[in-house]
Amino acid sequence: MTGKYVAVLTLLLLISLGLSASVTDTFYIKDAAQKLLPSERKYLQYTETRDGLIQFGSILTRSIQKTKYGPQDVFLVIQTYQGPKDINRDSSYCDLHTLLPLAYHTNIQSDQYQEKVIFSNGKIDNTITFRDSTQQFTKPATGFYNSVTTDELITLLPLQEKKQFIFKNVNTGLHYFEYATVVEVEGKEEINLPASGKAMCWRLRVTTGSTYTIQWYTIKGQQQLKKKFILKNGNAFIRVAMIA
């Protein structure tokens, strides 16, 4: 199950928030180039049932690169999901300083379609190509972040105990919708993972619509180590870092 489509599963089930926050409440990144470093991290994604059984989902590789988009220096965030039968991939081109989106491309082998999304001139152009047809539509762009870069946005937040942040996201392409994400810092917590050992983390409650995930980001470097979401049936979707 891919990160974008885990997000789709979560948000389609529960999204209803809308963008009620005022402009003054909305957080925007201004100095991404100074804080976000090129990197590659691997995660194991799986579901733990109410009975304690484990269902493998995928191995996620997230890489951050500096590259060119036309003449512009940009960040490129690539997600690759290796599942039992398919490899799905998406690529997000973002402004080097604000991390606002410029373009987004996907190759979803599991559902046999591709997406191409362009953010420009105050609009979001979406093109979805299936095996036998193409779907196109345009939406207005009003300062949304691309939902698949939420992990990087959290990495760049000035996290402190009991602080709260809100930013506007858009899930583009086939499952298009707009929503707000609220990040609340619940405190500090030490977690112990097989691959990384013990690590002191920020424990975050990340709310989207009427649901939330609990996420753990290292105090040093603010890298995601773990993410947990309880599904409606009582099972838990879990993502854990494979390498610290």
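The values are calculated or read from the model by the stated rules, or taken from the named source; none is laboratory data. Since we're looking at a predicted model, the values are computed, not measured. Glycine gets a Cβ as well: all are built from the backbone with ideal geometry, and neighbour counts include every protein chain shown. Quick note on the areas: whole protein, heavy atoms, side chains included, nothing else; ligands and nucleic acids left out. Shrake-Rupley method; radii C 1.70, N 1.55, O 1.52, S 1.80 Å.
Worth pointing out:
- On inspection, Thr47 qualifies as over 16 Å from the mean Cα position of the chain (by Cα), modelled with pLDDT of 95 or more and open to solvent by less than 70 Å² (accessible area, probe 1.4 Å).
- Breaking point among (1) in contact with a Lys or Arg (Cβ under 6 Å, 6 or more places away or on another chain); (2) open to solvent by 60 Å² or more (accessible area, probe 1.4 Å), for Glu161: (1)
- Residue match in segment 192-209 (condition: basic (Lys, Arg), free of Cβ contacts under 8 Å to residues at least 24 places away in the same chain and farther than 21 Å from Tyr179 by Cα): yes
- In segment 68-110, the qualifying residues are those that are free of Cβ contacts under 8 Å to residues at least 40 places away in the same chain and within 14 Å of the chain's Cα centre (by Cα), and the one that is surrounded by the most Cβ atoms within 10 Å (Cβ to Cβ) is Tyr93.
- Filter result for the condition that a residue is closer than 20 Å to Leu231 by Cα and either part of a strand (DSSP E or B) or aliphatic (A, V, I, L, M) (or both), over Thr181, Thr129: Thr181
- Within segment 115-126, the residues that satisfy the criterion of being among the polar types (S, T, N, Q) and either part of a loop (DSSP other than H, G, I, E, B) or touching a Ser or Thr at 6+ places or on another chain (Cβ under 8 Å) (or both) are Asn121, Asn126.
- Residue check for Thr142: at pLDDT 95 or above and of a type outside the set (Lys, Arg): no
- The set of residues in segment 111-133 that are surrounded by fewer than 16 Cβ atoms within 10 Å (Cβ to Cβ) and of a type in the set (Phe, Trp, Tyr) contains only Phe130.
- Candidates in segment 24-60 are the residues that are free of Cβ contacts under 8 Å to residues at least 60 places away in the same chain and of a type in the set (D, E, K, R); of these, the one that is nearest to Asp151 (Cα to Cα) is Glu40.
- In segment 185-244, the residues that are in a strand (DSSP E or B) and among the β-branched types (Val, Ile, Thr): Val185, Ile191, Val206, Thr207, Thr208, Thr211, Thr213, Ile214, Thr218, Ile230, Ile238, Val240
- Test result for Leu174, assigned to a helix (DSSP H, G or I) and either farther than 28 Å from Ala103 by Cα or open to solvent by 30 Å² or more (accessible area, probe 1.4 Å) (or both): yes
- Of all residues in segment 219-229, those satisfying the criterion of being touching a strand residue (DSSP E or B) at 6+ places or on another chain (Cβ under 6 Å), open to solvent by 20 Å² or more (accessible area, probe 1.4 Å) and over 19 Å from Tyr179 (Cβ atoms) are Ile219, Lys226, Lys228.
- Between Phe137, Phe56, Phe27, the distinction of being aromatic (Phe, Trp, Tyr) and modelled with pLDDT under 95 belongs to Phe27 only.
- Just one of (1) at pLDDT below 95; (2) open to solvent by less than 90 Å² (accessible area, probe 1.4 Å) fails for Thr61. It is (1).
- Take the conditions (1) over 23 Å from Ile64 (Cα atoms); (2) in contact with a helix residue (DSSP H, G or I) (Cβ under 7 Å, 6 or more places away or on another chain); (3) open to solvent by less than 30 Å² (accessible area, probe 1.4 Å); Thr181 misses just one of them, which is (1).
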